[in-house]
1. Quick check on the range 283-294. Is at least one of its residues over 25 Å from R465 (Cα atoms) and not in a strand (DSSP E or B)?
2. Could you list, in sequence order, the residues of the range 405-432 that are more than 25 Å from Q306 (Cβ to Cβ) and either of a type outside the set (V, I, T) or at pLDDT 85 or above (or both)?
3. Kindly evaluate E62 against the criterion of being within 28 Å of V35 (Cβ to Cβ), out of contact with any Cys (no Cβ under 7 Å at 6 or more places or on another chain) and without any contact (Cβ under 8 Å) to a residue 12 or more places away in the chain.
4. Quick check on the range 264-279: of everything there that is under 27 Å from the mean Cα position of the chain (by Cα) and of a type in the set (V, I, T), which residue is surrounded by the most Cβ atoms within 10 Å (Cβ to Cβ)?
5. Being in contact with a helix residue (DSSP H, G or I) (Cβ under 7 Å, 6 or more places away or on another chain) and in contact (Cβ under 8 Å) with a residue 40 or more places away in the chain is the filter here, so list the residues in the range 426-437 that pass it.
6. Are any residues in the range 356-377 touching a residue at least 24 places away in the same chain (Cβ under 8 Å), surrounded by fewer than 20 Cβ atoms within 10 Å (Cβ to Cβ) and not aliphatic (A, V, I, L, M), and if so, which ones?
7. Quickly run through the range 221-253 and pick out the residues that are loosely packed, with under 14 Cβ neighbours inside 10 Å and modelled with pLDDT of 50 or more.
8. With the requirement that a residue be in a helix (DSSP H, G or I) and among the acidic types (D, E), what does the range 128-154 give you?
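The values are calculated or read from the model by the stated rules, or taken from the named source; none is laboratory data. Small disclaimer: the values here were computed from a predicted structure and weren't measured. When we count neighbours, we look across all protein chains shown, and the Cβ atoms used for this are built from the backbone with ideal geometry, even at glycine.
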Amino acid sequence: MTLPHSHDAPVALALRGIDKRYGNVQALSAATLEVRPGTVHALLGENGAGKSTLMRIAYGLERADAGTLLVWNDRVRVTSPAEAIAQGIGMVHQHFTLVPAMTVAENIALGGKGRLDLAHVARRVDELSTLTGFALDPNARVEALPVGAQQRVEIAKALMHAARILILDEPTAVLAPNESTELLRWVRVYADAGNAAVLITHKLREALGVADEVTVLRRGRTVLTAQRDEVTSDALTSAMIGEELLSARPRSIGKVSRSRSSVEVVFRADRLTLSDTTGIVRLRDATFEINAGEIVGIAAVEGNGQRELLRALAGRLGPTSGVLAHPPAVGFVPEDRHHDAVLLNRSLSENVALRGAGARRGMIDWDAVSAQTERLMLEYDVRAESANLAMRALSGGNQQKLVLARELALESSSEQALVVENATRGLDVRATAEIHARLRTAAQNGAAIVLYSSDIDEVLLLATRAFVVFDRSVRELPLDRERIGQAMVGAT
């Protein structure tokens, strides 16, 4: 289904007939996107479909090989982000572009003109906080902020330059449910004021809930453009992955169900207290057990201690007091893969070799590592030319799939624990289903899995038990969306 386009109709942003090739890979082929004033336009597609590439062309980060770009009905040439900003285009990237050592105000001021007046910038940050509903401290250093807060700084940075066309790449990926709701409500208000918003998202419910129009890319081509009320979730899924692949998707594996008496305790905490790197206590007197064969979901709003809890379970953070027992080898998938999980300039094989780094001894058999990498790439559908390709060359979703493949490659019976933080962030519908199935399979094979997701529905979908982390405490609750949601914000 494709809407007829009139070249005389008003458009805020239009990309027509866009081609882009990287070597032998045709990333975009005659791709088209038209966004009207006063609307939210959802851009959907699998990982590697070309969504981010198309928007990077609109923002001047990439140059198209062919095609035209229109901004407010005028044909323009945008060759840099500075030119895009001058045209009133702002972009909030999935991977942050902030300078960690600088403050919020200093980061937001970057890209501005004239003399730097931090007091004025701080006032503008306060105004933006009121406008968006985000609590931003102008004087806080970005490196000390949790990932969700850093995402909010990115949004404020784009708004600081008076963007009338706002491109948001997976903006709710690291936000708690109430934060996501508030952000999308603000996006709706932003568009209703006559602006235009492009929402790149893999959450179909999110797209169908806020968008006026949707466009789907598949393998670099525009395969569907429609009004929101003309499509269903099934139709969008079919357009994204194709009818033939939809019927061939892996079957979902049922929830893990095990008798506690038949399994061993893998993690045990007794009056566990954890502090962050600045010495502030983030978790106090937590006592719990996690058994083999379980998927324990962690639900929490950013900053309540779940970050420290996950890193302690993964063996990356020692207790301040109390006892925490865990296996010597724990797989760990952090939410910020660029900072904590991969080496962007090294090969895929070298990144796979990072599994268990620091604990292994002896010479590395690189032929064996390369063979293992090729096997994981095939098994997890990591789309790359070879295991010798640099990690940086992969799309974000393919990077995440390789990290998950590496950490899920349990090589011996002693490696029975996995800690996963926002495992499907940035993944499309099919890849998300595959990862969910693999996590369930790992649990059925005896692994103890601790899963944190900022998407409460993902926690409810996968978890056999759920812990809510709030106000430095850990509390187990039934798998009930309303009760867990209330506990996440301290409601009775």
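1. Within the range 283-294 (the criterion being over 25 Å from R465 (Cα atoms) and not in a strand (DSSP E or B)), the answer is no, since none of the residues qualifies.
2. First pass over the range 405-432, keeping only residues more than 25 Å from Q306 (Cβ to Cβ): 409, 411-414, 428-430.
Of everything in the range 405-432, those that are more than 25 Å from Q306 (Cβ to Cβ) and either of a type outside the set (V, I, T) or at pLDDT 85 or above (or both) turn out to be A409, E411, S412, S413, S414, D428, R430.
3. Criteria not met by E62.
4. Across the range 264-279, the extreme among qualifying residues is T277.
5. G426, L427, D428, V429, R430, A431, H436
6. Once the filter is applied, which keeps residues that are touching a residue at least 24 places away in the same chain (Cβ under 8 Å), surrounded by fewer than 20 Cβ atoms within 10 Å (Cβ to Cβ) and not aliphatic (A, V, I, L, M), the range 356-377 yields only G356.
7. Q227, D229, E230, T232, S233, D234, E243 - these are the residues of the range 221-253 that are loosely packed, with under 14 Cβ neighbours inside 10 Å and modelled with pLDDT of 50 or more.
8. Scanning the range 128-154 gives E143, E154.
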